[in-house]
1. Heavy atoms of the protein only, probe of 1.4 Å, neighbouring chains included. What is the accessible area of Arg139 in Å², nearest 10?
2. If you keep only loop residues by DSSP, which trypsin sites (Lys or Arg not before Pro) in segment 49-87 have at most 10 other Cβ atoms within 10 Å of their Cβ?
3. Note the listed values (i) 73, 36, 35; (ii) 53, 51, 40; (iii) 55, 53, 35, then indicate which one is Cα extents along the principal axes in Å calculated from this particular structure.
4. Take each of the peptides 118-128, 64-74, average the number of other beta-carbon atoms within 10 Å over its residues, and list them starting from the highest.
5. Would you mind checking segment 54-85 for residues with the amide N under 17 Å from a putative spin-label position 7 Å along Cα→C-beta of Glu98?
6. How many percent of the accessible area of segment 1-49 is carbon or sulfur, using a 1.4 Å probe?
7. Report, ordered by chain and residue number, the aspartates and glutamates lying within cross-link reach of Lys76, taken as a straight Cα distance under 17 Å and ignoring same-chain residues fewer than 8 apart.
8. Take peptides 155-161, 165-171, 3-9 and line them up by average Cβ neighbours within 10 Å, highest first, as a rough protection proxy.
Amino acid sequence: MPKPEHIAFIMDGNGRWATARGMPRAVGHRSGVETLRRTVRAVGDRGIRWMTVYAFSSENWSRPPSEVSDLMGLLKLFIRRDLAELHQNGVRVRVIGERKGLKPDIRLLLEEAEALTADNVSMNLVIAFNYGARDEIARAAAKIARMAAAGEISSGQVTAETFGAFLDTAGMPDPDLIVRTGGDQRLSNFLLWQAAYAEFFFLDCFWPDFGEDHLDGAIAAFEGRDRRFGGVTARDVAS
């Protein structure tokens, strides 16, 4: 099987990584950013053109205000510090998630990153920020409902394909492989629609410890799986 075209990451375990070492959770989040930086390079080096990261979920606002503030600061630092290198390496940055209600400086930073890199074609880095899959699906359904009320679309035109065009990920390939660190084995409201036929790879290691060996192991596991997409293979028929 060919390697995945699109890998999505649930970067879990930053805070627990720090707590286990007797350090503040903020240290774990900073270490997680360093891991993200290395992983973007490693994914690009392997010729994989799409990478999505679950950077901040819509549920993360319920965390302590100090931790939320630290996470916002790290987002700013990552974009300001790494955007020039990403742009130089031909990486296109795209952001999915709800932007209404974000502070103007955060929203402007995200828009600037997208605008600067819009014409890059070597790799796509998709940042899921203030993102929740149920919210994404609900927003898509609400937009279709408004269009239907205005006579701009009929119920017969709403198919799985047309519905996908109203999601934040419109125009992007669905993830082939979703990798989650931290030991939990769930999606946590991440890419619910898009993950319909994704392969999953769960790791017990915390995100700051994720390295190229883990990445290669996930890719190797993907390549060893039999993806039938609801059909059968020649081997199934022969048996």
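The values are calculated or read from the model by the stated rules, or taken from the named source; none is laboratory data. What you are looking at is a predicted structure, and each value in this text was computed from that prediction instead of being measured. Here the Cβ is made from the backbone with ideal geometry for all residues, glycine too, and neighbour counts use every protein chain on show. Ligands, DNA and RNA are stripped out before the accessible areas are found, and what is left, the full protein with its side chains, is counted by its heavy atoms. Shrake-Rupley method; radii C 1.70, N 1.55, O 1.52, S 1.80 Å.
1. Rounded to the nearest 10, the figure is 60 Å².
2. Of the trypsin sites (Lys or Arg not before Pro), not one in the loops of segment 49-87 has a Cβ with at most 10 other Cβ atoms within 10 Å.
3. (iii)
4. 118-128, 64-74
5. So the set is 55-63.
6. Summing carbon and sulfur atoms, their accessible area is 54 percent of the total for segment 1-49.
7. Candidates past the 8-residue exclusion: Glu34, Glu67, Glu85, Asp105, Glu111, Glu112, Glu114.
8. Top of the packing list down: 3-9, 165-171, 155-161.
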